[in-house]
Amino acid sequence: MILKPLVVDKMGIDTKEHPMLLTEPSLHNKDHRARMVSHFFEKYQVPALFICKSSVLAAFSCGRSTCLVLESGANTTYAVPIHDGYALQPSMIKYEIGGNYLTKILDEFLASKGTTIVPKYVITAKTVNGQFIMNYQKFELTTPSYEAFAKQEAVCEIKEALLHLTPDPPMGETSPRTDYSLPDGTKISLGPDAKRIPELLFTGSSEDNAFIGVHKMIAEAIIRTDLDIRKELYANIVVAGGNTLIPGFVERVQQLVPEAAPANTKIKVIAHMPVERQLSAWLGGSILSSLGSFQQMWMSQQEYKENGENMIERKCA
């Protein structure tokens, strides 16, 4: 775990003196959760512990206790109905589609065009007699997995710089091409075919044939809830996660959700500014832990000793 090197060693925090608020995915694994509780109480001796779903914290970060949270990150996308601060598990929808999938598709597209991505760490640049020269260096101990990661990061930078969603899908073939300089100085040019890659978030994916698009995920998750809260969920759609930072994403959600929703339904999409959207779980956690009523929600060290790790399922629904 990163807790010891980060919190204990670097920050010098004594875990015996500080309660811990942890986040978890919206669909959690009970066995993993129980092991995590035992680890914190047994090894780090925390006085109290609380585990909250990241989607619930994203809702709190926007000041909502009842809403529909669309959370799209690196590997997964969730549509999670929240009612009175609790995630409605039977109504959740999850797909293994996220930012890394779009990066993979872009990488395959570049490879099909003969573009070679050189990781930044192997590039050294210097000036000889006033002339700029690009050199490459080898690291003998570098593993293939790290090299693949470094290449993925370079492709991810291209994705974040050039790919976007337009108000009227799909983009026409006359859309202008955009030039981009790779870390090694190579120039590439991306046209409409590459820029349309983010459309997969709304039109479906070859990676998961069952994927219906994020706007339909929202409607499907809301349909699974009780009829009396559906209007409130449609009027409070919270967008969170790094994958939602694609330019035009929020506007596209606002545009397409009405097509999947019942007629004359009020639709409102709520999204933080980009920096806050990436930190929505942290912001929600800081808000939740500052509430006076929250202090009674902790699972204490004493409760752990008396009831064991499974007590967390009662304390943190």
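The values are calculated or read from the model by the stated rules, or taken from the named source; none is laboratory data. No experiment lies behind these values; they were computed from the predicted model shown. Please note: Cβ atoms are built from the backbone with ideal geometry, for glycine as well, and neighbour counts cover all protein chains shown. We work out accessible area using only protein heavy atoms, side chains counted, and drop any ligands, DNA or RNA first. Shrake-Rupley method; radii C 1.70, N 1.55, O 1.52, S 1.80 Å.
Select from the stretch 49-59 the residues that are of a type in the set (G, A, S) and assigned to a strand (DSSP E or B) and list them in ascending order.
Of everything in the stretch 49-59, nothing turns out to be of a type in the set (G, A, S) and assigned to a strand (DSSP E or B).
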Checklist line | The lone exception for N135 - which of (1) more than 26 Å from the chain's Cα centre (by Cα); (2) surrounded by 15 or more Cβ atoms within 10 Å (Cβ to Cβ); (3) not in a helix (DSSP H, G or I) it fails | finding: (2)
Check: Could you give every pair whose Cβ atoms fall below 6 Å, whose first residue belongs to the stretch 214-229 and is of a type in the set (K, R), and whose second residue is part of a helix (DSSP H, G or I), counting only separations of at least 6 or pairs across chains?
Finding: K216/A260; R224/S91
Margin query: Please go through (1) within 30 Å of F249 (Cα to Cα); (2) open to solvent by 30 Å² or more (accessible area, probe 1.4 Å); (3) more than 12 Å from the chain's Cα centre (by Cα) for P47 and return the number of the only condition it doesn't satisfy.
Written below: (1)
Margin query: Which of the numbered conditions does T265 fail, given that it passes all the others? Conditions: (1) assigned to a loop (DSSP other than H, G, I, E, B); (2) within 30 Å of V46 (Cα to Cα).
Written below: (2)
Next item on the list: For residues that are assigned to a helix (DSSP H, G or I) and touching a Pro at 6+ places or on another chain (Cβ under 8 Å), scanning just the stretch 84-118, find the one that is surrounded by the most Cβ atoms within 10 Å (Cβ to Cβ).
Entry: L102
Item checked: Long-range neighbours under 8 Å by Cβ, at least six apart or interchain, first residue touching a residue at least 12 places away in the same chain (Cβ under 8 Å) and assigned to a loop (DSSP other than H, G, I, E, B) within the stretch 60-76, second aromatic (F, W, Y) and buried (at least 20 other Cβ atoms within 10 Å of the Cβ) -> N75/Y101; T76/Y95
Notebook entry, point to check: Out of the stretch 225-246, which residues are out of contact with any strand residue (DSSP E or B) (no Cβ under 7 Å at 6 or more places or on another chain), open to solvent by less than 70 Å² (accessible area, probe 1.4 Å) and not in a helix (DSSP H, G or I)?
Noted result: A235, I246
Checklist line | Matching residues, the stretch 138-180, being surrounded by 11 or more Cβ atoms within 10 Å (Cβ to Cβ), modelled with pLDDT of 85 or more and of a type in the set (S, T, N, Q) | finding: Q152
Next item on the list: Could you list, in sequence order, all residues of the stretch 268-282 that are outside any loop (DSSP other than H, G, I, E, B) and open to solvent by 90 Å² or more (accessible area, probe 1.4 Å)?
Entry: V275, Q278, W282
Notebook entry, point to check: Which condition number does C52 fail, the rest of (1) more than 22 Å from A219 (Cβ to Cβ); (2) under 24 Å from the mean Cα position of the chain (by Cα); (3) surrounded by fewer than 17 Cβ atoms within 10 Å (Cβ to Cβ) being met?
Noted result: (3)
Next item on the list: Would you check if there is a residue in the stretch 298-311 being outside any helix (DSSP H, G or I), open to solvent by 30 Å² or more (accessible area, probe 1.4 Å) and either touching a residue at least 60 places away in the same chain (Cβ under 8 Å) or within 17 Å of V69 (Cβ to Cβ) (or both)?
Entry: yes
Next item on the list: For residues that are open to solvent by less than 70 Å² (accessible area, probe 1.4 Å), under 30 Å from V80 (Cα atoms) and either at pLDDT below 70 or in contact with a helix residue (DSSP H, G or I) (Cβ under 7 Å, 6 or more places away or on another chain) (or both), tally how many sit in the stretch 1-21.
Entry: 3
Notebook entry, point to check: Which of (1) closer than 17 Å to Y304 by Cβ; (2) assigned to a helix (DSSP H, G or I); (3) in contact with a strand residue (DSSP E or B) (Cβ under 6 Å, 6 or more places away or on another chain) is the odd one out, the single condition R35 does not satisfy?
Noted result: (3)
Next item on the list: Kindly indicate the residue of the stretch 206-224 that is modelled with pLDDT under 95 and not in a helix (DSSP H, G or I) and also farthest from K94 (Cα to Cα) among those meeting that condition.
Entry: S206
Notebook entry, point to check: Which residues, taken from the stretch 182-204, are of a type in the set (K, R), open to solvent by 20 Å² or more (accessible area, probe 1.4 Å) and in a helix (DSSP H, G or I)?
Noted result: none
Next item on the list: Being surrounded by 18 or more Cβ atoms within 10 Å (Cβ to Cβ) and in contact (Cβ under 8 Å) with a residue 24 or more places away in the chain is the filter; apply it to the stretch 247-259 and report the residue that is farthest from L162 (Cα to Cα).
Entry: V257
